[in-house]
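Here's the structure, in structure tokens; my notes come after.
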Amino acid sequence: MTIDADTELNLPHCDELHVQFADCVLWLRLNRPAALNALTPTLVDGMAQAIAVAGANPQVRVVVLTGAGRAFCAGADLKESEKRSKVARGNVAFIRALGALATAFEACPRPVIAAVNGIAVAGGLELMLACDIVLAAESARLGDAHADYAMFPGAGATVRLPRRVGLAKAKELMLTGDLLSAANALAIGLVNRVVPDLALEHEVLALAARLAVKSPLVLARMKEALNDTTDQPAEIALRRERDLNELHALSFDRAEGLAAFREKRSPQFQGR
């Protein structure tokens, strides 16, 4: 059963963001289809509040980010951006909020899946890069595109894109503004999997269901360690892994996993 998450999880209502909660999975669906789900301060704020709730609420085991209509997200709404530019530091606050949102997706203790249902460019690509696993529809098109309008990224593209696809390919994508097909995005490691358009939500649900039954504690600690790996020398990252391993050895979920294996039953994890 799908529940209106505005009520179930005490989220403020936001017309620009359709939020649903079902089977431990929180769906965040950008809801500006006529504008290709271009980002506004209201939409960014709505996502920020939702991801904060997801990270703090034990009912939520997985988060899915997707878009309504034919786009995942076309980046910042440039019409609104032009208006904000006429106000002192108007765009500065928006870009900082968008950057903080991307960081929140990356740091969220829950696995975050991007279901890229259509075009994902500029700020949309930056949000996608902050997600943990990316499934893309065959018809999706992905790229940076900031350079096409003399815009400079501010939500992580210059940092996360080269770490995902390598420096040379990141330079090519950012400097040219070219869009990639989903198949080409898969070939360079920009997305994890490409599926038929009509199967996207089914495949995402299947993946989310697999993640939702695992220990939320071990997934959060794995995500933390993996994120830290990209920023640390190997010896420091290995020390951090050992520290987390020793801490995790004392957890209920680890003991429950071993007991379930021994007793040949499904584990009942509690996230502690």
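The values are calculated or read from the model by the stated rules, or taken from the named source; none is laboratory data. Because the structure is a prediction, the values reported are computed rather than measured. Methodologically, a virtual Cβ is constructed for each residue, glycine included, from the backbone with ideal geometry; neighbour enumeration extends over all protein chains shown.
Tabulated results
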quantity	calculated
Tally of residues being of a type in the set (Asp, Glu) and either under 18 Å from the mean Cα position of the chain (by Cα) or at pLDDT 95 or above (or both) across the range 67-107	1
Selection from the range 45-81 of residues that are in contact (Cβ under 8 Å) with a residue 12 or more places away in the chain, in a helix (DSSP H, G or I) and of a type in the set (D, E, K, R)	Asp45, Glu80
Matching residues in the range 235-272 - criterion: being of a type in the set (A, V, I, L, M) and either under 22 Å from Ala130 (Cα atoms) or in contact with a Leu (Cβ under 6 Å, 6 or more places away or on another chain) (or both)	Ala237
Set Leu226, Leu217, Leu211, Leu205: member being under 21 Å from the mean Cα position of the chain (by Cα), under 18 Å from Val112 (Cα atoms) and surrounded by fewer than 13 Cβ atoms within 10 Å (Cβ to Cβ)	Leu226
Residue match in the range 218-237 (condition: assigned to a loop (DSSP other than H, G, I, E, B), modelled with pLDDT of 80 or more and of a type in the set (Val, Ile, Thr))	no
